[in-house]
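> I have a structure I would like to understand better, so I am pasting it below and will then ask my questions one at a time.
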Amino acid sequence: MAIEKMVLLKIIGSPDNMHSMLKELILCENAHLNMNTESNGAYNNYLAVHQYESEIISPGVHSVEDPEEVHSVCDDCLDSVEELSHGLGIELKIDKSILSKNSYSLEEAKQTLSKIQLSIGERVKQINSKKKQINELLELRGKLESIPDKDVDFGKISKLNYFEYEVGTFSVENKARLKRNYENLSAIVLKIGSIKSSSEDLYVVIYPKQFKEETDKLLKSINWNKFTIPEKYMGSPSEKIKQIDSELESIKNDIKVLSKSIEDEKEDNKKALFKIYNVLKLEDKIAELEQRAEFGNSAFSIDVWVKEGGIETVEKAISSVTDKYRISVKSEKDLGDDVTAPTELKNNWFSKPFEMIVKMYGLPAYKEIDPTPLVAVTFCLAFGIMFGDIGQGFVYFLAGFLLRKKWEDAGGLAIRLGASSMIFGCVYGSFFGLEKAELPWIPGLLNGSPLSPDNIPMILVSGILFGIVALTASYILGTANSLKNGDIEQGVFGKNGIFGYVFFISFIMSIVALIGIINIPMSVPITTLLISLVVLILRQPIANLISGRRPLFNESPGSYLTESIFEAIETILSTLSNSISFVRVGAFALNHSGLFLAFMVISEMMPNMPLRILILLVGNILILSLEGLIVLIQSLRLHYYEMFGKYFIGGGVVFKPIKLS
Amino acid sequence: MNPNMAFYAVNTKIAAKKGRILKKEDWNKYIESTSVEKLTEIFKSNVEINKAFRESGISSVNRDSVEIALNKLKTVEIEELLHYFSGEYKEFIRTMLMEEEISDLSLVIRKLSREESLNEVSERFVHSKLFTTVDFDDLLTSKDVDQLIDKLKKTPYYNVLRNLTGEHALKREFHMEMKLHVVLYNKIYEAAKKLDKVDFNAVKEIVGLKIDLLNLQWIYRAIKYYNILPEEIFNYSLEGGKNIDLKKIRKLCYSKSIKEFKRLARGFLDYDIFQDLNAEKTGDTEIDINTAALSYMFNYLKDKRYYNIGAAISFIYLLDVVINDLTSITEGIKYHVPKEKLEEYLAYRV
C-alpha cells in the first residue's frame, strides 16, 4: 500500500546488439523511458560505460542505421498500410505474438508491402478516393439541402457582366460586426439558409467585379469559408441535388465492382498487412528509442525506470539477446533531488478502486506517501454515515457488482460504498427508509429513529468527531510528507505540520472547554493555541535557527512577517471552516431519514395500498439517485477541500512502460 | 470553498510577490550592471525572477537566453497563483495562460510560413506545460501551415485559423495575431461570466482596458504602416473594451489621418498615450507604442486596490510590463546604452 519503488537502470550494450536489445525491452513492457535527461549530471554514470567498454567489448567499427531515416521510412510505409487496410476494410491491431515469434526485418516488410501495392494498390487507391468523393458529395448535398428556395438559378448570377458572387459561411460574432458596418461595405450580404450538420448560416455575397480584391480581403477578415460548387453541376439547387444523387449511385457501384475484384486475395493480404503493420510499429518504436540512447566509443546506453520487482524481467529479456551487456542499477535516492521518478500506485484489493478518486485530484509525487488507503477508509466512513441504509446500500452493492465487468474501478467503488452504507444502515436501523417503528425485526443500535430528539445531537457530534479523526490523520500524513522531503519548516512548524495540528487541537479543546463538555481550565488550551500561532508565524526563522542556516529570514523580515501574519489569519479561518465543515456528515445522516419521512407522510395520505407503495417506491428511487449523488459529491468535497489540502503534494509523472500502441 | 475567503491569501501573496519583483534597489542594480553576465546574476538573486530562470533551465548566459527565461516569468507566476483558486475562479485564471499559448502558436506558424526549421523552437516556448490545451509536440511535426492548422482541430483556435494559408500568414501576419486574440478575449469573457458580479466587473475594467490599448495599437499600426481598408481594420479589432466600444472603434478605423486618430484616441481614453512616444525621434515605433501602452497600463494599475479577482488580473498584466522592461534593460546593457537613456525606455520608473 504505497507508491511502487522505482530504480533507474542504465542498460549498456554493443551497438551491434542494440536493435535486438531494444526490441526485447519494448516487448517486455516493463520499462519506463527516462525523459528527464536535461537534469544536469544526475544521470551520468560514465564509469559503467567505460567499464563495459574495457572489460566486455573491444573497440571496433559498428554501423547503426540512422534512426531518423528508419522513422521516416516507417512513417511512409505505415501510411500505405493504413490506406490499404482502409480500402480492404481491415482494422489493424497490435499483436505481440506476431513479433515475438518471427524475425521479419524492416527490409522484408517493405518488400512484401510493395508486392501487395503492386497487385492491388492501384485498385485500393481508387476505392479510397471514391469513398472520399462520396463524403465530399454528401457534404455538398447537405449544404445545397440547406437552401430553402431550391429553384434559385445561380447560373444566372454568374453570367452577370459587372457582378460576381460567392456562397459561404462565417462565424456568428462577425455577423454583428458586419451589420454595424454594413453601410461601408461594397458588397451585398444575404442569408440564404442554415446548414444543419454544422449549425452555421449560409450566405451569398454579391459585389461589383471591380471591387474583387477589396471584397476578398474583407471576407478573409470575417473568417469567410467559401462554399464552392463544381461547375459541372448545372441549374437550380434541386437539379444539382438530383445530379449529385445519381453520381453517388454510380460511385457506389464502382466501389462494389472494385471491391469484388480484390476479394479473392483479401485473406492472404489481410494476414500479410497485419504482420507488416506490427513490424513497422516495432521498428518505429525501436528507432524512437535509438534516438534517446547515448553512445560511447563502442557502446550504447539507455536509461529506463523499472519497478524494483521488474528488474529481473528486464534483465531476462536483455540476456535472451546477448551476454555482452551490463545493467547498472541506481535507486532514486542515489540520484539526488533533481531527478523525478515516475509514480505507480500499489494498493490492496480494498483500497485499489479509491485510486480513481486520488487520481481525479492529481497523481501523487514519487516522494510522497500514497494517500489512497486513508482515502479508502475515510471515504467509506463518510459515505456510510451520511447514507446509512441496509436496502439502498444493497442496491448500490448490486449495481457495483454488475458494473464491475465494464468499468472495474467505478464498480469496485460502488460495492465498497454500498457495503459501508449497509453497515451503517444496521446502526441506524433503516431498510429502504423504513425504520424499527414499521419493521421491528431490522437490526439497529440506535434507540428509535435517527430523527428522535435524543439521537439528533449525538449524530451531529459523531459527524464532528469523525472530522477530528479524519483531520488528525490528514495532519499526520502532511507532517510525514514534509519530513520525508526534509522540509522541517513545513513539517514541524508549518500550518499542516505538527504545530499546525497543535493549533487545531487547541482550538477544538478551547471550544470543548467553553461549552463545558470536559472540565478543563480554559487557560490551558488558550495558552497552547497562542503559542502554536506564534510558532506558525515565526516558522521560517525558527526552522533556520534549528538547522543552523543563516540568515534567519530568506527574504526581508518585514515582508516575511506581513505575509506570514496574513497566512496565520487564513489558518485561523480555515481551521474554523474545516471543523464546521464536518457537521455536514451528521446533518446529511439526518437529512437522509428526513427525506424519507416526507415520502412516508405523502404515502400515508394516499387512499389505497398500491398508491402508497408507488409513492414509497418513487421516494426510494429519488433518494437512491439524487441523494446518493449529493452524498457522493459531499464526500468528495470533504476529501478534496478539507483533507487533501493538508497533505497532497501531487505533480507525479505516470509510470508508462514502453510498449507498442 | 468560498472564493472570497481565499482572496485574503491571494492578496497577501500577490503583495509579497509584487514587492519582491518591483524592489527598487534591485532595479537600480539592474540598470547599473555592466554586463549581461552580471545582470543575469542579479536577476537570479531575485527570488521571483529566479523562478523563471529555473523553469527555463538555461545554463549559458547571453542576451537571447536571458530573454527566453524572462518571458517565462508570467507563466510561472500564473501557475503559482492557480494554487490559491478553485472552481470557476481557477478556470478563469487558467484562461489567462492562453496568451502565452497563443504567442507560441504564432511563433510556430511564423516559422512554418517562412519555411524555417522548427528544431530549436521549443526552447523559446513560454506556454504552461501543465495547463496547455494544445499538443505542441505534435504541432512541431507539421511540415507546413496547412498541416499545422489541421492538427489544431478540436482546439479553440481552429475556427479562426481554418482559412489561413502559408502565404497569408507570411504577408499578413496581423491576420493570425488579431484572430487569435479574438479567441483569447472571447474565452476570458466566457470564463468571467461565471464569476460573481463584482469579479466580472473587475474583469470588464482591467481586461477591457487591455483590449482598448490593443485596439489602439492595432489601428495605429494599420493606418500608419499597412495598406488595409478601414472595413478590414474594423473587422480585425477586438470587442469588449472598457472605454472604446465598437462605435468608437469604427470612428478610429475611419479616421483620415494619424493626426485625427490621435485626437480621437485622446478623447476616448481621456489621456494622451502618444505624448511620450519617442517614436518620432527614433523611428522604432512598433516597440514604442507598445511601451507607451504598457506604461499607461502600469500607471493605471499602480495605485488601484482590488479586493476581488482584479488583484490577480492586475498582477498578471503588471508582469507584462515588468517582462518588457527587463528585456529592454538586458538589450540596453548589451549595447551599452547610458543609464539615463535606458530609463526612458522603461514603463516602470524607479
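Every read-out reported here was derived from the displayed coordinates using simple, explicitly stated rules and does not represent laboratory data. Being a predicted model, the structure only gives us computed values, none of them experimental. All Cβ positions, glycine included, derive from the backbone under ideal geometry; neighbour counts span all protein chains shown.
> How many percent of the alpha carbon pairs in region A:346-647 exceed a separation of 24 Å?
60
> Still on this structure, please answer the following. How large is the translational diffusion coefficient of region B:197-306 in µm² per second when you combine the Kirkwood radius over alpha carbon pairs with Stokes-Einstein at 10 °C and 1.306 mPa s?
Answer from the Stokes-Einstein relation: 110 µm²/s.
> Given 4 °C and 1.567 mPa s, compute D for the protein assembly as shown with the Stokes-Einstein relation, Rh being the Kirkwood radius over Cα pairs; round to the nearest whole µm²/s.
38
> Using Cα centres only, tell me the gap between region B:104-162 and region A:594-661 in whole Å.
43
> Can you work out ³J(HN,Hα) from phi for every residue in region B:299-309, in order, using Karplus 6.51 cos²θ - 1.76 cosθ + 1.60 and θ = phi - 60°, giving whole Hz and x for Gly and Pro?
Here the 3J(HN,Hα) series is 5, 5, 7, 3, 9, 7, 10, 10, 10, 8, 4 Hz.
> In the neighborhood of A:Leu446, defined by Cβ-to-Cβ distances under 11 Å, what is the net charge if each Lys or Arg adds +1 and each Asp or Glu adds -1?
-1
> Which one of A:Ser80, A:Leu381, A:Val314 is farthest out on the positive end of the charge dipole of chain A, using unit charges on Cβ (Lys, Arg +1; Asp, Glu -1) and the Cα centre as origin?
Working it through, the farthest residue towards the positive pole turns out to be A:Leu381.
> With just the Cα atoms defining each centre, how far is region B:242-270 from region A:172-228? Give it in Å.
So the separation of the two Cα centres works out to 26 Å.
> Still on this structure, please answer the following. If contacts are Cα pairs under 8 angstrom and at least 6 residues apart, what is the relative contact order of chain B in percent? Walk me through the numbers on the way to the answer.
Details: 370 pairs, mean separation 69.4, N = 350.
Value for chain B: 20 percent.
> Mind checking which lysines have their Cα closer than 16 Å to the Cα of B:Lys187? Skip sequence neighbours fewer than 8 apart in that chain.
The reachable lysines, counting only those whose Cα sits under 16 Å from B:Lys187, are B:Lys90, B:Lys154, B:Lys179, B:Lys204, B:Lys210.
> Ok, one more. Give me the distance between the Cα centres of region A:530-576 and region B:193-233, rounded to whole Å.
If you average the Cα positions of each part, the centres end up 43 Å apart.
> Additional query: Can you sort A:Trp305, B:Trp27, A:Trp349 so the residue with the fewest Cβ neighbours within 10 Å comes first?
Working: A:Trp305 27, B:Trp27 22, A:Trp349 7.
In order of increasing Cβ crowding within 10 Å: A:Trp349, B:Trp27, A:Trp305.
> Now for a different question. Averaged across orientations, what area in nm² does the convex hull of the alpha carbons in region A:357-496 project?
Approximately 10.4 nm², given one-decimal rounding.
> Excluding A:Lys495 itself, calculate the net charge of residues whose Cβ lies under 10 Å from the Cβ of A:Lys495, where each Lys or Arg counts +1 and each Asp or Glu counts -1.
Details: positive: A:Arg539, A:Lys646; negative: A:Glu567, A:Glu570.
Around A:Lys495, the surrounding residues sum to 0.
> Arrange A:Val618, B:Val183 by Cβ neighbour counts within 10 Å, fewest through most, would you?
Arranged by neighbour count, lowest to highest, A:Val618, B:Val183 become A:Val618, B:Val183.
> Another question, then. If the viscosity is 1.567 mPa s and the temperature 4 °C, what Stokes-Einstein diffusion coefficient in µm²/s follows for region A:154-234 when Rh is the Kirkwood radius over Cα pairs?
In µm²/s, the coefficient is 97.
> Relative contact order for chain A using alpha-carbon pairs under 8 Å, separation at least 6, rounded to a whole percent? Walk me through the numbers before you get to the answer.
On the way: 891 pairs, mean separation 132.2, N = 661.
So the answer I get is 20 percent.
> What fraction of the Cα pairs in region A:446-528, stated in percent, has a spacing above 23 angstrom?
Tail of the P(r) past 23 Å holds 41 percent of the pairs.
> On C-alpha positions alone, give me the angle between the axis of helix A:122-145 and the longest principal axis of chain A, in degrees, nearest 10.
70
> Over the Cα atoms of region A:531-575, how large are the radius of gyration and the largest Cα-Cα distance (Dmax), in Å?
Cα only, region A:531-575: 11.0, 33 Å (Rg, Dmax).
> Search the structure for amide H atoms under 5 Å from the amide H of A:Ser430, placed 1.01 Å from N in the peptide plane, and list their residues when 5 or more places away or on another chain.
Sorted by chain and number, the residues that satisfy this are A:Ile390.
> Taking the Cβ of A:Lys256 as the center, what net charge do the other residues with Cβ under 13 Å away carry, scoring Lys and Arg +1 and Asp and Glu -1?
+2
> Out of the trypsin sites (Lys or Arg not before Pro) in region A:549-619, which ones are loop residues according to DSSP with at most 14 other C-beta atoms within 10 Å?
The qualifying sites are A:Arg549.
> Then there's this: Regarding region A:490-622, what whole-number volume in Å³ per residue does the convex hull of its Cα atoms give?
Dividing the Cα hull volume of region A:490-622 by its residue count gives 154 Å³.
> Taking neighbour Cβ counts within 10 Å as the exposure measure, how do A:Val512, A:Val654 sort from fewest upward?
A:Val654, A:Val512
> I've got another one for you. Between 0 and 90 degrees, rounded to the nearest ten: what's the tilt of helix A:266-292 against the longest Cα principal axis of chain A?
60
> Let me ask something additional. Residue by residue through region A:324-330, which ³J(HN,Hα) values in whole Hz follow from phi under the Karplus form 6.51 cos²θ - 1.76 cosθ + 1.60 (θ = phi - 60°), with glycine and proline marked x?
8, 9, 9, 10, 9, 10, 10
> Compute the angle between helix A:408-428 and the longest alpha-carbon principal axis of chain A, please, reported from 0 to 90 degrees and rounded to the nearest 10.
Here the helix axis deviates by roughly 30 degrees.
> Would you mind getting me the FRET efficiency between A:Thr472 and B:His83? Use the beta-carbon distance for r and R0 = 22 Å, nearest 0.05.
Computed FRET efficiency for A:Thr472 and B:His83: 0.35.
> Mean residue ellipticity at 222 nm from the helices of chain A, using -39,500 (n - 2.57) per DSSP H segment of n ≥ 4 over the full residue count, to the nearest 500 deg cm²/dmol?
-18500 deg cm²/dmol
> Stretch A:Leu398-A:Asn174 to full length: gain in nm at 0.36 nm per residue minus the Cα-Cα span? Provide the component values of the computation, followed by the final result.
Working: separation 224, 0.36 × 224 = 80.64 nm, distance 5.36 nm.
Gain in length upon complete extension: 75.3 nm.
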